[in-house]
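Down below is the structure, laid out as structure tokens.
The values are calculated or read from the model by the stated rules, or taken from the named source; none is laboratory data. This structure is a prediction, so every number in the text was calculated from the model and none was measured. Reconstructed Cβ throughout: ideal geometry from the backbone, glycine too, with neighbour counts over all protein chains shown. Protein only, heavy atoms only, side chains kept; ligands, DNA and RNA dropped before computing areas. Shrake-Rupley method; radii C 1.70, N 1.55, O 1.52, S 1.80 Å.
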Amino acid sequence: NVVVVNYNGLLWPETVRNAFEKFVSEGGGVVFVHAANNPFQGWKAYNQMIGLGWRNNKFDKRLTIDDATGKQIITPRGEGPGAGHGPQHAFMIKVRQPDHPIMKGLPPTWRHGRDELYHGQRGPAANMTVLSTAFSAKDKRGTQAHEPITWWIPFGKGRCVTTVMGHHGKRQKDHPSLHCVGFQTVLQRSVQWAARRKVTIPVPKNFPSSEVSIQAPKPR
């Protein structure tokens with residue numbers, strides 16, 4: 001019922017691309033995690049599914065959120081920054097759609113574990129419902145804008161959820177983003193919702209607050 005994508009590599013064969021498009025358009029769910037919005041710049045349907053990707057500012061539009069009103073701000077192609085991020089750091093997540101099943105019951109703001117805060121993502125940015133954002137601060141080489149963190153887009157009859165949380169580098173010995181209880185909860189709920197299931201996964205009692213990021217116990 002749902003495909004979880006955390007892939008950033010060579011273009012899939014045409015038969016796989018066609019099968020993937022057919023699966024989603026006919027009602028399948030897909031959840032894109034972090035760098036899964038990096039590849040396949042020339043694949044039109046994939047760009048439509050992710051809405052925003054790791055592209056330069058000449059590729060397409062940029063989308064940010066007005067913090068006061070919650071309205072989407074579109075920056076045209078060629079204006080403003082392209083995709084990037086500053087140094088890894090813990091940052092605040094702000095829920096923008098508190099009644100959405102993925103976000104329902106989460107604190108209005110909560111601190112995510114050390115991660116890459118993507119900014120300046122580019123794409124069609126069409127039919128996007130932004131579920132959460134984070135402020136990309138200048139002192140972290142950011143954009144001084146509220147950047148989308150988790151969002152969803154319909155593709156045919158399917159549901160496409162993207163979260164740009166979840167970085168883990170090859171040489172990292174710890175897992176602050178992946179072991180963040182907030183990230184794990186959002187990912188699990190996103191999969192359940194994208195699969196057209198009722199979201200039954202509860203908000204854990206140890207969910208992060210606005211003061212502290214909570215790390216899940218390390219697997220034994």
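Residue by residue through segment 179-206, note down the ones that are within 26 Å of Leu52 (Cβ to Cβ) and in a loop (DSSP other than H, G, I, E, B).
Of everything in segment 179-206, those that are within 26 Å of Leu52 (Cβ to Cβ) and in a loop (DSSP other than H, G, I, E, B) turn out to be His179, Ala195, Arg196, Arg197, Val199, Ile201.
How many residues does segment 94-149 hold that are basic (Lys, Arg), more than 28 Å from Lys58 (Cβ to Cβ) and part of a strand (DSSP E or B)?
Residues in segment 94-149 being basic (Lys, Arg), more than 28 Å from Lys58 (Cβ to Cβ) and part of a strand (DSSP E or B): 3 in total.
Scan segment 133-142 and give yes if some residue there is free of Cβ contacts under 8 Å to residues at least 24 places away in the same chain, open to solvent by 60 Å² or more (accessible area, probe 1.4 Å), within 30 Å of Asp174 (Cα to Cα) and not basic (Lys, Arg), otherwise no.
Within segment 133-142, one or more residues are free of Cβ contacts under 8 Å to residues at least 24 places away in the same chain, open to solvent by 60 Å² or more (accessible area, probe 1.4 Å), within 30 Å of Asp174 (Cα to Cα) and not basic (Lys, Arg).
State whether one or more residues within segment 74-88 are of a type outside the set (Val, Ile, Thr), in contact with a strand residue (DSSP E or B) (Cβ under 6 Å, 6 or more places away or on another chain) and more than 23 Å from Ser136 (Cα to Cα).
no
Pick from Phe59, Phe40: which is in contact with a helix residue (DSSP H, G or I) (Cβ under 6 Å, 6 or more places away or on another chain), among the aromatic types (Phe, Trp, Tyr), at pLDDT 95 or above and open to solvent by less than 70 Å² (accessible area, probe 1.4 Å)?
Just a single option satisfies the conditions, and that option is Phe40.
Restrict the check to segment 132-144 and report whether at least one residue is more than 19 Å from Gln184 (Cβ to Cβ), of a type in the set (Asp, Glu) and more than 11 Å from the chain's Cα centre (by Cα).
Checked segment 132-144: at least one residue is more than 19 Å from Gln184 (Cβ to Cβ), of a type in the set (Asp, Glu) and more than 11 Å from the chain's Cα centre (by Cα).
Kindly establish whether Pro176 is open to solvent by 20 Å² or more (accessible area, probe 1.4 Å) and assigned to a loop (DSSP other than H, G, I, E, B).
No.
Any chance you could count how many residues in segment 126-157 are of a type outside the set (A, V, I, L, M, F, W, C) and within 17 Å of Val33 (Cβ to Cβ)?
The number of residues fulfilling the criteria is 4.
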